[in-house]
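Bear in mind that the values in this text are calculations on the coordinates, not laboratory data. Keep in mind that this is a model prediction, so the values were computed, not measured. As a convention, Cβ positions derive from the backbone with ideal geometry for all residues, glycine included, and neighbour counts pool all protein chains shown.
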Amino acid sequence: MADCIFCKIANKEIPSSIVYEDEQVVAFKDLEPQAPVHVLVIPKKHIESILALTAEDAELVAHVFTEVLPKLARDLGVAEKGFRVVANTGEEGGQSVKHLHFHLLGGRSMQWPPG
Ligand code: AMP
């Protein structure tokens, strides 16, 4: 989608530190990391948020949760000690980029509740 920064990252129109990529998703380091490990997993196709997911996206979501996130957690060394996956959604959810993304955070002790 034009003017979507994460579409531009997925299309390599702007640089990012990509740590994983396949046909459906890209994962890259967050520009302002909130933990020693902080990567974002995004679908290559533009989906605004969790609220815009449809049944057609079920395979994509399953791929992210059963393959991509566990692989990244292991590869980035946080699987054993633990990590957090977050999808901020909408204004009060703290979503600043309107392209679905899953934050994978780890490498430190997480607090609860989040701010
Ligand atoms: P959210 O606030 O949940 O929508 O998360 C958006 C995230 O994208 C924030 O953590 C930003 O630091 C991150 N971000 C924004 N622009 C970029 C970029 N060009 N490269 C990497 N991360 C970015």
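If each residue of separation counts as 0.36 nm, what is the full-extension length gain between V97 and K8 once their alpha-carbon separation is subtracted?
Fully extending the segment from V97 to K8 adds 30.8 nm.
If you rank L31, L40 by fewest surrounding Cβ atoms within 10 Å, what's the result?
By the 10 Å Cβ count, ascending: L31, L40.
So, with +1 on the Cβ of K and R and -1 on the Cβ of D and E, and no other charges, what is the size of the charge dipole of the chain about its Cα centre, to the nearest 20 debye?
The dipole magnitude comes to about 400 debye.
Distance in nm between label sites at V85 and V61, each 7 Å beyond Cα in the beta-carbon direction?
1.2 nm
Checking the cross-link filter: which lysines have an alpha carbon closer than 29 Å to that of K98, excluding same-chain neighbours under 8 positions apart?
Leaving aside lysines fewer than 8 places away in the same chain, those within reach of K98 are K8, K12, K29, K44, K45, K71.
Report the convex hull volume per residue for the chain, counting only C-alpha atoms, in Å³.
Expressed per residue, the convex hull around the Cα atoms of the chain is 110 Å³.
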